[in-house]
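The values are calculated or read from the model by the stated rules, or taken from the named source; none is laboratory data. Only a predicted model underlies this, so the values are computations on that prediction, with no experimental measurement involved. All Cβ positions, glycine included, derive from the backbone under ideal geometry; neighbour counts span all protein chains shown. Just so you know, the surface numbers come from the protein's heavy atoms only, side chains and all, with ligands and any DNA or RNA stripped out. Shrake-Rupley method; radii C 1.70, N 1.55, O 1.52, S 1.80 Å.
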Amino acid sequence: MRFEVVTLFPEMFAALTDYGISSRAIKQGLVSLSCLNPREFTTDKHRTVDDKPYGGGPGMLMKTEPLVAAITAAKARLQKAGPESGAGTGQQAKTIYLSPQGKPLNQAAIEQMAQGSDLILVCGRYQGIDTRVIDSVIDEEWSLGDFVLSGGELAAMALIDALIRLQPGALGDDDSALQDSFSGGLLHWPEYTRPSDFAGATVPEVLLSGDHKAIAQWREQQSLGATWLKRPDLLNRKNLSTKQRELLDEFINEYNLADGDQNESPPGKFRSECDEQEQDH
Ligand SMILES: C[S@@+](CC[C@H](N)C(=O)[O-])C[C@H]1O[C@@H](n2cnc3c(N)ncnc32)[C@H](O)[C@@H]1O
């Protein structure tokens with residue numbers, strides 16, 4: 001998969017190219033990442049990349065011509081390199097604008113994108129970009145969440161990082177992405193590392209038992225329980241098998257016994273947040 005990023009701050013992408021799993025995937029040629037700076041496409045002597053919004057008001061917008069020229073160059077670069085080159089997917093590249101007005105990103109959308117075309121990611125700055133640019137050259141708008149960032153770079157980096165994790169060979173063990181939170185519609189189970197006794201809190205016996213079947217069942221139950229406790233909205237969207245329902249009921253009973261209370265839904269702290277999320281949708 002190839003990423004072309006249109007950004008006024010290409011240096012920020014060193015966070016991906018120089019560190020961790022993303023850096024390794026790039027060095028191995030599993031993905032490629034390059035940036036185009038609209039400033040390189042300006043024609044005036046001040047190399048202007050912002051402009052005033054029509055109608056007045058505070059703030060500036062990204063200047064249209066250099067922005068579109070950079071996006072056009074990104075498309076040309078992917079076409080010239082050819083679908084067969086390097087990490088290319090062979091499908092026509094999609095142009096994405098990172099925007100607070102886009103569809104909220106989630107793991108399901110990222111899993112779908114990871115199967116798809118190369119991507120051109122457009123990072124807005126200032127008050128954003130001219131609507132006609134969105135209408136004419138942007139295929140999709142995606143948001144990191146319902147809050148406003150100062151620029152699209154952090155959102156683009158989050159998206160690229162999440163996509164790289166799903167590329168075959170990017171993780172030490174490809175199966176580990178399958179165990180991540182959300183990938184099966186549930187949160188990941190609680191994990192423990194040494195020491196086995198940490199300030200009086202011990203590791204659950206089953207994890208020390210060496211019984212792989214029992215460990216797998218405990219993990220599935222804890223995963224269901226963690227989702228029930230922290231993100232019950234996810235459970236509402238998931239069809240549980242009979243076995244999973246039994247495991248979750250057992251978890252809830254044990255939780256209630258320990259809590260001394262009878263909760264059919266998760267405790268208030270989580271319930272109120274999740275009810276709000278449900279109402280929003
Ligand atoms: C200050 S924001 C502009 C916000 C815009 N005036 C609005 O209210 O919709 C500047 C840029 O940051 C990026 N951005 C801000 N919040 C974002 C979010 N939640 N997800 C993705 N990108 C975001 C976009 O690229 C946007 O063009």
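Computed quantities for the displayed model
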read-out	value
Subset of the stretch 162-193 [touching a helix residue (DSSP H, G or I) at 6+ places or on another chain (Cβ under 8 Å) and open to solvent by 60 Å² or more (accessible area, probe 1.4 Å)]	R165, F182, Y192
Residue, nearest to M113 (Cα to Cα), within the stretch 146-180, restricted to residues that are in a loop (DSSP other than H, G, I, E, B) and within 8 Å of the ligand (Cβ to nearest atom)	G152
Given (1) in the same structural domain as V49 (by TED's automatic domain parsing); (2) more than 15 Å from the ligand (Cβ to nearest atom); (3) free of Cβ contacts under 8 Å to residues at least 60 places away in the same chain; (4) among the hydrophobic types (A, V, I, L, M, F, W, C), number of the condition L187 does not satisfy	(1)
All helices (runs of 4 or more DSSP H) inside the stretch 228-281 with 2 or more residues being open to solvent by less than 40 Å² (accessible area, probe 1.4 Å), at pLDDT below 90 and closer than 16 Å to L186 by Cα	none
First in the stretch 3-23 and touching a residue at least 24 places away in the same chain (Cβ under 8 Å) and more than 13 Å from A70 (Cα to Cα), second anywhere and among the acidic types (D, E) and open to solvent by 10 Å² or more (accessible area, probe 1.4 Å), Cβ under 6 Å, 6 or more apart	S22/D161
In the stretch 194-208, the residues that are open to solvent by 70 Å² or more (accessible area, probe 1.4 Å) and hydroxyl-bearing (S, T, Y)	T202
Helices (runs of 4 or more DSSP H) lying entirely in the stretch 1-106 (those with 1 or more residues that are over 25 Å from G145 (Cβ atoms), open to solvent by 40 Å² or more (accessible area, probe 1.4 Å) and within 16 Å of the ligand (Cβ to nearest atom))	64-81
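For (1) in the same structural domain as F13 (by TED's automatic domain parsing); (2) more than 14 Å from the chain's Cα centre (by Cα); (3) closer than 30 Å to L61 by Cβ, each residue gets a yes or a no:
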residue	(1), (2), (3)
Y97	yes, yes, yes
Q112	yes, no, no
Y126	yes, yes, yes
V148	yes, yes, yes
G152	yes, no, yes
I160	yes, no, yes
